[in-house]
Amino acid sequence: MTFAAGETSSTLVVTNQVGGGRLSFNVAADRPWISASPSPVTLNEGTRQNITITVDRSSLDAGTQTAKLVVSYSGDQTGRVEIQVTVQVPAAPPAQPAQPAPVAPPVPTPAPEAPPEPPAGFPTWATVVIIIVAVIGVAGFYMLVVRRRPTPG
């Protein structure tokens, strides 16, 4: 019994073709990742039962894995049948690099407002400096600038 890469279950049909009575079947696996249901089953002569064989690849390494199912029967006759199971486990896809988070466009900063124009006839800054220099002289203006404290802001 072979499970291809995409298969997770398959059906095993057990039939009582032994003349004269009932047979009890039990299906057991030798690996924890394979199971059979229903099991055990008791069949009358000439009847059959579908047994679903299921594999769980979540804990298996990539490649080919093998297991064994043992079908034991008892009744008018007793015996066992071993079924070799092959499971193909595909390799995990390569990890995709993380995508960077989208960046919001920058929010435009409003341009600072221009200072209001002084009223007509009001002296400009340059005019005030020239007046100060003329009144106290170059040395005094230098002292005034050096001693000036910054305005809190």
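The values are calculated or read from the model by the stated rules, or taken from the named source; none is laboratory data. Note that this is a predicted model, so its numbers are computed, not measured. With ideal geometry, Cβ positions are generated from the backbone for all residues, glycine too; neighbour counts draw on all protein chains shown. Only protein heavy atoms, including side chains, enter the accessible area calculation; ligands, DNA and RNA are left aside. Shrake-Rupley method; radii C 1.70, N 1.55, O 1.52, S 1.80 Å.
Counting only residues that are of a type in the set (A, V, I, L, M, F, W, C), assigned to a strand (DSSP E or B) and within 20 Å of T78 (Cβ to Cβ), the stretch 14-37 holds 6 of them. Within the stretch 12-34, restricting attention to residues that are open to solvent by 60 Å² or more (accessible area, probe 1.4 Å) and modelled with pLDDT of 90 or more, the residue that is nearest to L69 (Cα to Cα) is D30.
Looking only at the stretch 65-80, which residues are polar (S, T, N, Q), touching a residue at least 12 places away in the same chain (Cβ under 8 Å) and open to solvent by 80 Å² or more (accessible area, probe 1.4 Å)? Quick ask: steps written out before the conclusion?
Going residue by residue through the stretch 65-80, those that are polar (S, T, N, Q) are 65-66, 72, 74, 77-78.
In the following step, the residues that additionally are touching a residue at least 12 places away in the same chain (Cβ under 8 Å) were identified as 65-66, 72, 74, 77.
Listed by number, the list holds a single entry, Q77.
Results for (1) within 24 Å of Q17 (Cβ to Cβ); (2) in contact (Cβ under 8 Å) with a residue 24 or more places away in the chain; (3) open to solvent by 90 Å² or more (accessible area, probe 1.4 Å); (4) aromatic (F, W, Y), shown as yes or no for each residue.
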residue	(1), (2), (3), (4)
L60	no, yes, no, no
G63	no, yes, no, no
E82	yes, no, yes, no
V87	no, yes, no, no
A98	no, no, yes, no
A111	no, no, no, no
